[in-house]
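Read the structure below first, then the notes.
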Amino acid sequence: MTLDPALLDLAVSLHHNPGVYALLLGSGLSRAAGVPTAWGIVQDLERQLAVSAGVTPLPEGDALDAWYCATYGEEPDYSAVIARIEPTPAGQRNLLRGYFDQTPEDREQGLKTPNRAHRAIARLCEAGLLRMIITTNFDRLMEDALQEVGIRPAVISNAQEIAAAPPYAHGGVFLLKLHGDYLKDDVRNSNADLERYPDALQAYLDRIIDEFGLIICGWSGESDHALRRSIGQTPNRRYPLVWSAYPAPTPVADELIAARAGRLVRGLDADTFFEQLEGRVLALRDLAWTPPREGLALAAEVKRYLAHPERDDVRLTDLLERVCDDLHAALRVPHAWEAKQALPQALEWAANVTAPLIHMAGALLKYDRTGHWTPRLRDALLRIDFDVNLTLPLKSDFAVQVTRLPLRLLAVTLAGLAAVYDRVELLTWLKEDPYRRPYSQHYAPVELLIRSCNVGEMRRQPLEDWIVEQARDIARPYFPPATADEDLRVGELLLGLLTLDLTLDGRVPLLDAFVLPGTYLYALELPKAQDRLRRLFGANGERITRLTDHEAALLFPRFDEVASRGRNAWYGQGKGALADLLPHMVDP
């Protein structure tokens, strides 16, 4: 599909200059949504008056206008016709509701609701690319579309509201309704109304047209003399004018485009014009976008995308992959990790490079209530090759262990979060090795964890404590505050069971040092410890197969056997052993 060059140029300009363009929207947008124009309302009311007067045959078009002039001695002016039928403001509002409020029949037919153009505009506002909208429509479809994306615009529909409005230089989205609002007593549609606006409104409009570029759509330029004069006579044209005309511009539009040296987009209806503009400018933004480095900003980005899953599915997938790719790249940057004196810097490096992914994964696990994104997160994690020995030759065991710190921190944190949000199947990514090639010594993440040990002078237990402390601090917003330590220790249990599962088939060697010596469940009251196991693995341990290939009846005693050889004295006292808890999980 070839896009109009003027539209492409506008997309590039909007991408590089967010907020400098104002929209001018005419009746073409509302008419497409099934809302009548002011003149359409006048003709319908004329027709009702003629029917009420018993006129037959019923005149149409110019003949209907001629009948009205002959009968009432005046032109069929919008305000005058409405006042003739309903002289009071309350009666006029009720009359107009019939034309603008959505009925059940309208709802079934999708009428009198924001259309694709309204919603594309709202999304451009949400993205911060547009913030000033001028409209000649007095319906509320634009307000409805903005509210759908959580924007409450500052609405100005008469001269009196200008003084109460915040300065538009302070930000926010502004909606200037030049012809008023159908629910207020300020509708302007007579020839006199459109010949000259109130002085305050005219000055406000002139200032906007002077300071902003102008994107015009759905407006012919023929009926609104004051607006046409303001566009043509603006002295300082700081930004360009772009006019989308469908199917072709009127002579008046041609004159204004020539006077402002503007650009014409021809032959696109409003829905197509704004959707193509949105698609192209957001594509440019995505192309230039890089993930925010600060973890909380990443989490906010995830939450924003989760709020609109259908719309932002691709963007969230791209975010996941980019952050994982960042960690993959960070592991391959050479560092001077050869000296053991570099341990403090090494620990700081490990925490810093892992934190963005922890924040992103934490927000996703916490706020994705359905678990829809868990497989996507798992697939994104597989993009990271943690075994850097083949691409980054390391000269000492210290350097090797430093490069494995991000994996250890990530694995413990995700295991703890998986325990909290019942997403233990996420951890199966540790068993996969998409980077392994025939005849190459390459380890899957879980094999690297097994081969991880001391880092310099930092022995195993202090290092495990440091990892838990970092995991708790970085992922604090995503853990329940009262149980964060417990959740992380239960996460360690999940990692231990995952590793033991692989050793039973001989896929990896059994190294007691890695299989954690304890479950932390000894620190809990028996009912609470049992409850944790039931929530994770089911009443009979049947759900453990989400994580492992072997059943709980085989894995739990094996875990206890390895743990009893470790340094956890509690096992010798019969507290916290999984085999002791297992009978309580089995129904009699």
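Table for the structure above
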item	result
Counting DSSP beta bridges with both ends in the chain, the antiparallel % (nearest 5)	5
Phi-based couplings in Hz for the stretch 145-159 (Karplus 6.51, -1.76, 1.60; Gly and Pro marked x)	5, 5, 5, 4, 9, x, 9, 10, x, 7, 9, 10, 10, 7, 5
The chain - accessible surface per residue (Å², probe 1.4 Å)	44
Hz values of 3J(HN,Hα) by residue in the stretch 342-357 - Karplus curve (6.51, -1.76, 1.60), Gly and Pro given as x	7, 4, x, 5, 5, 5, 5, 4, 4, 5, 5, 6, 8, 4, x, 5
Whole-Å distance, taken between Cα centres, linking the stretch 7-30 and the stretch 210-245	12
Among PHE138, VAL173, GLN160 the positive-end extreme of the charge dipole of the stretch 131-213 (Cβ point charges)	VAL173
Value of [θ]222 nm, deg cm²/dmol, for the chain, DSSP H segments ≥ 4, -39500 (n - 2.57) each, nearest 500	-16500 deg cm²/dmol
Heavy-atom accessible surface of the chain: percent carbon and sulfur, 1.4 Å	52
Options ALA120, THR548, ALA50, ranked by Cα towards positive dipole end of the chain, top entry (Cβ charges)	THR548
Cα pair distances in the chain, grouped into 20 Å bins until the bin that holds the longest one, percent each	17, 35, 23, 19, 6, 0
Rel. contact order, % - alpha carbon contacts under 8 angstrom, at least six apart, the chain	10
For the stretch 11-28, Karplus couplings with θ = phi - 60° (6.51, -1.76, 1.60), whole Hz, Gly/Pro x	4, 5, 5, 5, 4, 8, 10, x, x, 8, 9, 9, 8, 10, 10, x, 5, x
Lys pairs under 22 Å by Cα in the chain, provided they are eight or more residues apart or on distinct chains	5
The chain, dipole about Cα centre (Lys/Arg Cβ +1, Asp/Glu Cβ -1), debye to the nearest 20	1740
Alpha-carbon centroid distance for the pair the stretch 136-159 / the stretch 413-428, whole angstrom	44
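The values are calculated or read from the model by the stated rules, or taken from the named source; none is laboratory data. Note that this is a predicted model, so its numbers are computed, not measured. So basically every Cβ, Gly included, is an ideal-geometry build from the backbone, and we count neighbours across all protein chains shown. Just the protein is used for accessible areas: all its heavy atoms, side chains included, with ligands, DNA and RNA removed. Shrake-Rupley method; radii C 1.70, N 1.55, O 1.52, S 1.80 Å.
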